[in-house]
1. Which members of region 52-98 meet the condition of being within 30 Å of Ser41 (Cβ to Cβ) and outside any helix (DSSP H, G or I)?
2. What about Tyr73, is it out of contact with any Cys (no Cβ under 7 Å at 6 or more places or on another chain), surrounded by fewer than 12 Cβ atoms within 10 Å (Cβ to Cβ) and not polar (S, T, N, Q)?
3. All but one of (1) assigned to a helix (DSSP H, G or I); (2) at positive phi; (3) not basic (Lys, Arg) hold for Asp11, so report the exception by its number.
4. For Lys21, only one of the following conditions fails: (1) of a type in the set (Lys, Arg); (2) surrounded by 11 or more Cβ atoms within 10 Å (Cβ to Cβ); (3) modelled with pLDDT under 90; (4) in the same structural domain as Asp11 (by TED's automatic domain parsing). What is its number?
5. Report every pair of residues separated by at least 6 positions or lying on different chains whose Cβ atoms are under 9 Å apart, first residue within region 35-50 and in the same structural domain as Asp11 (by TED's automatic domain parsing), second surrounded by fewer than 11 Cβ atoms within 10 Å (Cβ to Cβ).
Amino acid sequence: MLKFFTCQHCDKHLQCNPRSKHQQYCSSRACQNARKRKHNSETASTPKGKILKRRRNKRWRENNKNDDYQKRYREEHTDYEERNRKQQRERNKKRGEEPSSMIVKTDALLLQPFRDGAYMAFRIKKQKIVKTDTLLLQVQSQSAIEAHFPPRTG
């Protein structure tokens, strides 16, 4: 006996796949993507779903080490390293300084004028450029500020 169902996404009335007991979506790409989005939103919002996701991610990280991934990527993309070196040399030329002393990861902060009343904040150490996000600050000055302290009681 043939069974039929109505797709939850496209509303087409179709014959069930005999291997699927409770089919709700047809096999079209759009409907399968909708099914996956619905499943992910339902499972990601539950504590059990979050735990399962953490476990999956942990297993993946154990099987796919970052250094192995980067090493494989460089081996498969032989022009990657040379292109990166060339771009870095160009950036260093624009700065006009000794390339070897310009790049470092550290936690110092420097404010450089950007435009009237605004500064760009960079993490630097000993005038070295650091790989990090920049922070835009707006500085406003006020005159005649008086400190007011309430009288002490007691």
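The values are calculated or read from the model by the stated rules, or taken from the named source; none is laboratory data. It should be emphasised that the depicted structure is a prediction, and the values quoted were computed from it without experimental measurement. Cβ: placed from backbone, ideal geometry, glycine included. Neighbour counts: every protein chain shown.
1. Asn64
2. It is true that Tyr73 is out of contact with any Cys (no Cβ under 7 Å at 6 or more places or on another chain), surrounded by fewer than 12 Cβ atoms within 10 Å (Cβ to Cβ) and not polar (S, T, N, Q).
3. (1)
4. (2)
5. Between residues of region 35-50 that are in the same structural domain as Asp11 (by TED's automatic domain parsing) and residues that are surrounded by fewer than 11 Cβ atoms within 10 Å (Cβ to Cβ), the close pairs are Gly49/Glu42.
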